[in-house]
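Asks: Dropping the structure in here first, questions after.
The values are calculated or read from the model by the stated rules, or taken from the named source; none is laboratory data. Nothing here was measured: the structure is a model prediction, and the numbers come from that model. Here the Cβ positions follow ideal geometry from the backbone for every residue, glycine too, while neighbour counts run over all protein chains shown. Side chains are part of the model used for accessible areas, which takes the heavy atoms of the whole protein and leaves out ligands, DNA and RNA. Shrake-Rupley method; radii C 1.70, N 1.55, O 1.52, S 1.80 Å.
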Amino acid sequence: MKKIVPTLIALIGIGILSSSCAMMEFASRSDGKIKQIKIGVTIYQMEDPFISTIPDYIGNIAKTKELTKNMKITVNVMDAKGNQNLQNDQVDKFLAQNYDVICVNMVDRTAASVIIDRAKAANVPIVFFNREPVEEDMQRWDKLYYVCSLASESANLEGGIVVKIYQADPQKWDKNGDGILQYVILEGEQGHQDSLIRTEVTIKTITEAGIKLEKLSNKTADWQRTQAGVIMSQWLEEFGDQIEMIISNNDNMALGAIDTYQEAQITNVPLIVGIDAIQPALEAIKNGMLVGTVLNDAKGQGEAIFELAYALAMDEDPVENPQDISQRYIWIPHSAVTIDNVDEVVQTMGY
Ligand code: BGC
């Protein structure tokens, strides 16, 4: 951790722009003599609008590194399409083609042992990201790393946005004037480390600030916009304007809820808040449909993933003591996004 932190901080200032293509192979100059490294990336589901931005950031920083180090860096990105067997095959292919390091966004985060055992046998390090393997699996080898952002931190910030927005104008949001915010909550995939923690901590943060809440309903929409839209239609039918707040474990589902209000031509929407800061959510903040989100820093994560992969591919130890498992977890900080700083975030993320 100690060694990599200054590099990461330096990278955050560079401000590399994202490209639009999601499935791609990045490679450039090769004169047959310069040093070459190959990095394989497998993504649980490229249809996920948050996760699909990470390979772009990895590719951009790889291109910059190629130029500064005068070498060839191949970053090959595969879509596992929500299928763990397909992802295992993709890892096998990377290993058979002598990739130097593999970056894995697990389909099923509890199934990492198969991939780990194969990579360990071939002595190819793995950088996991976003979908956290269980600690027992992370203990299997000291060349396993994990890059992510802390779920509790994102939830604290999400709750904090609600507190600030509500307290600035309670009458606007407490539509029936009973001093209690009636809410619904859209939850992510049930097995995902972020879903449970975000749900719990966001609510705790709001109630601890002295705001009274009443839950009307909670449902999982598996991080997905369309599913969230369907659930929201049912809630609108069942609860109508009793709903004063919609908390969502991510932006994509918050956008699904907004779609439903727009289709129903209801303009007086409840207080809606999300997490991720994906591009359409930032637009929704600008047009007043979403009160805020939390930057789940895909760019910072992509850069950290690349820097780890690069160091490992160059046979360097990216941290001081890989035997200390805590050093192999790299946490990228979140920040709150509201109308006050949305333009700044659009710029930083290169949207
Ligand atoms: C994001 C979700 C995303 C999920 C994928 C979470 O951290 O907030 O938007 O669907 O990761 O694993």
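Asks: Just the Cα atoms of the stretch 222-351, one point each, no solvent: what log10 I(q)/I(0) does Debye give at q = 0.11, 0.18, 0.21, 0.22 Å⁻¹?
Replies: -0.50, -0.92, -1.12, -1.19
Asks: For helix 112-121, report the angle its Cα long axis makes with the longest principal axis of the Cα atoms of the chain; keep it between 0 and 90° and round to the nearest 10°.
Replies: Between helix and principal axis, roughly 10 degrees.
Asks: When DSSP beta bridges are limited to those with both residues in the chain, what percentage is antiparallel, rounded to the nearest 5?
Replies: 10
Asks: Net charge near ALA155, counting Lys/Arg +1 and Asp/Glu -1 over other residues with Cβ under 9 Å of its Cβ?
Replies: Summing Lys and Arg as +1 and Asp and Glu as -1 gives -2.
Asks: Given the rule -39500 (n - 2.57) for each run of at least 4 DSSP H residues, summed and divided by the residues of the chain, what is its mean residue ellipticity at 222 nm, to the nearest 500 deg cm²/dmol?
Replies: Rounded to the nearest 500, the figure is -13000 deg cm²/dmol.
Asks: Still on this structure, please answer the following. Just how far, in whole angstrom, is the stretch 283-346 from the stretch 187-237 if you go by their alpha carbon centroids?
Replies: With the stretch 187-237 and the stretch 283-346 each reduced to a Cα centre, they are spaced 23 Å.
Asks: If I model a spin label at ALA121 and THR68 as a point 7 Å from the Cα along the Cα→Cβ vector, what separation in nanometres do I get?
Replies: About 3.8 nm separates the two model spin labels.
Asks: Suppose every Lys and Arg Cβ carries +1 and every Asp and Glu Cβ carries -1, with no other charges. What dipole size does the chain come out with about its Cα centre, to the nearest 20 debye?
Replies: Dipole size: approximately 1100 debye.
Asks: How much length, in nm to one decimal, is gained on full extension between GLN242 and VAL114, taken as 0.36 nm per residue of separation minus their Cα-Cα distance? All intermediate terms of the calculation are to be shown ahead of the outcome.
Replies: Details: separation 128, 0.36 × 128 = 46.08 nm, distance 4.82 nm.
Length gained between GLN242 and VAL114: 41.3 nm.
Asks: I'd like to check one number: the per residue accessible area of the chain, probe 1.4 Å, reported in Å² as a whole number.
Replies: Per-residue accessible area for the chain comes out at 42 Å².
Asks: Please work out how much length the chain gains when fully extended from ASN85 to GLU200, using 0.36 nm per residue of separation minus the C-alpha to C-alpha distance, in nm with one decimal.
Replies: 38.2 nm
Asks: If you count only protein heavy atoms and use a 1.4 Å probe, how large is the accessible surface of LYS164, to the nearest 10 Å²?
Replies: In the full protein context, LYS164 sits at about 130 Å².
Asks: Follow-up. Against the longest alpha carbon principal axis of the chain, how many degrees, from 0 to 90 and to the nearest 10, is the axis of helix 84-96 turned?
Replies: 20
Asks: Using DSSP to call loops (not H, G, I, E or B), can you name the GluC sites (Glu not before Pro) in the stretch 242-351 whose Cβ has at most 13 other Cβ atoms within 10 angstrom?
Replies: For GluC sites (Glu not before Pro) across the stretch 242-351 that sit outside H, G, I, E and B with at most 13 neighbouring Cβ atoms in 10 Å, the list reads GLU316, GLU320.
Asks: Cα centroid distance between the stretch 54-108 and the stretch 135-165, in Å?
Replies: One Cα centre to the other: 22 Å.
Asks: Moving on to the next point. In degrees between 0 and 90, to the nearest 10, how far off the longest principal axis of the chain does helix 298-313 point, with axes built from Cα atoms?
Replies: 20
Asks: Size of the chain along its principal axes in angstrom, Cα-based, largest extent first?
Replies: For the chain, the Cα extents along the three principal axes come out at 71, 37, 36 Å.
Asks: Further question on the same structure: Specify, per residue and in Å³, the volume enclosed by the convex hull of the alpha carbon atoms belonging to the stretch 151-295. Show your work: numbers first, answer last.
Replies: On the way: hull volume 13.4 nm³, N = 145.
Here the figure is 93 Å³ per residue.
Asks: Another question, then. Placing +1 on the Cβ of each Lys and Arg and -1 on the Cβ of each Asp and Glu in the stretch 192-350, which of GLY300, ILE247, ALA311 has its Cα farthest towards the positive end of the resulting dipole?
Replies: Projecting each Cα onto the dipole axis, the largest value belongs to ILE247.
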